[in-house]
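Quick one: the structure is below, and I'll ask about it shortly.
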Amino acid sequence: MENVVIFGPWCGEFSYELSWWNPGIRKLRNEDFKDYRAVHIGYKGRRAMYKDFIDDYVSYPKEIEDTLGYPAAGGQHIIDVGEVIPENLKEFMYKVAGEYQDKGHEVTLYQTDPHAYNDGKHIYDEEPFGDYVNYEVNSEMYDEIKKEVEEYFSDGRDTIALMARIRDRNRGENTGGCYLNWNPDSWEIFLDRVINELDTNIVVINLSTSGAAGGAMSFEDTKLYEDNKERIMTINFDDDEDSLDRQLALLKATKCSIYGASGSAVLPFFVKTPTFTQQTVEEGFRLRYKWERDLTDNLKNVKVFDKYRSGEDVYNSSPDELFDEFKEFYRSLV
């Protein structure tokens, strides 16, 4: 018999999980539960950020995940209620706990407080509670991704990873569904210049949107792809038990990355890879905190372009201006 601690269930936003929940429970596990067997309950595909301190990663089944449509901060958003942990997910957590108890283990539950990230103590702190570490990239997956990319592009050009974030939450008029979106036509103009004027290849991180959850555009049915199909590779990271591991490997296997306006733009920070991100005035400062500077050698090879305000300003901002900013960043890389 052993003591078991179960963390979760996590059903909130990816960026909040990556930036605050995960480092927080890492510190708790290493200090308060260091003699326990540690279990985490969360989304399928995200075990990579937990493997240094979690013994068992448990993904909730697809039938439950399909009911989760509006991740916000630390939980699922319910209109007029706020962030909650849905009952079916709580029941799944108790089921998992029961399975450990049936084996004779003593189980402690450390549950998510979905409101904990709305008070500013986490997201606006220079050094919030938690252990922040750079992740080790799975060497086998790195080799696989690198080989896959090199076989697709046999021309020796620099390859850039792209996460062109998109989300539809019906928030903000004339913004394509979300106040952080950029006009898809502008993405095409920008990327065409990145490919042809900088003579690069693009690997698109394709993540489908689900309800109000964010995703990333694939560009496969666009003129951009038709005109540059030999220079654009798409990797679908949906429905993959090792999705995050593979994304981290891709970041390591490419020259740099480009992220749309999203909190997930901090992901390259955790593997110290060069990255350029479009952000908004209201959000950009959140990528310059001390914990982020510590992960990146004081934001070395990181460019945050946050000139425009959320909503119509960023949605209608110039693709040519963004290209000029990226070109300067790209040419600064050794």
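For the pairs LYS62/LYS252; LYS27/LYS307; LYS229/LYS255; LYS223/LYS307; LYS255/LYS327, note any where the Cα-Cα span goes beyond 24 Å.
Violating the 24 Å Cα-Cα cut-off are LYS62/LYS252; LYS27/LYS307; LYS223/LYS307.
Then there's this: Could you order peptides 248-258, 117-127 by the average number of other Cβ atoms within 10 Å of their residues, highest first?
Most protected by this proxy first, the peptides run 248-258, 117-127.
Please work out which option in (1) 34, 22, 19; (2) 48, 23, 15; (3) 41, 29, 16 gives semi-axes √(5λ) of the Cα gyration tensor in Å calculated from these coordinates, and answer with its label.
Checked against the structure: label (1).
Compare the peptides 148-155, 21-28 by average per-residue count of other Cβ atoms within 10 angstrom and give them in order, highest first.
21-28, 148-155
Once you have a ≥ b ≥ c as the square roots of the Cα gyration tensor eigenvalues for the stretch 139-332, tell me rounded if a/c is under 1.5, and otherwise prolate or oblate according to whether a/b is larger than b/c. Provide the component values of the computation, followed by the final result.
Numbers: a/c = 1.34, a/b = 1.19, b/c = 1.13.
Judged from the Cα gyration tensor, the stretch 139-332 comes out rounded (a/c under 1.5).
May I pose another question? Amide H to amide H under 5 Å from THR234: which residues, 5+ apart in sequence or cross-chain, H placed 1.01 Å off N in plane?
VAL204
How big is the antiparallel share of DSSP beta bridges in the chain, given as a percent to the nearest 5?
Values: 9 of 43 bridges.
So the antiparallel bridges amount to about 20 percent of the total.
Right, next: For VAL107, what residues show an amide H to amide H distance below 5 Å, using hydrogens built from the backbone and excluding near sequence neighbours?
VAL4
Let me ask something else about it. Net charge near GLU136, counting Lys/Arg +1 and Asp/Glu -1 over other residues with Cβ under 11 Å of its Cβ?
0
Follow-up. Place the peptides 215-225, 9-19 in order of packing, highest mean first, counting for every residue the other Cβ atoms within 10 Å and averaging per peptide.
9-19, 215-225
Determine ³J(HN,Hα), in whole Hz, for all residues of the stretch 12-18 in sequence, where each value follows from phi through the Karplus function 6.51 cos²θ - 1.76 cosθ + 1.60 and θ = phi - 60°; x replaces Gly and Pro.
Calculated HN-Hα couplings, in order: x, 6, 4, 5, 6, 5, 5 Hz.
Where a number appears in this text, it was derived from the coordinates with a stated rule and is not lab data. This structure is a prediction, so every number in the text was calculated from the model and none was measured. Neighbour counts are summed over all protein chains in view; Cβ atoms, including those assigned to glycine, are modelled from backbone coordinates with ideal geometry.
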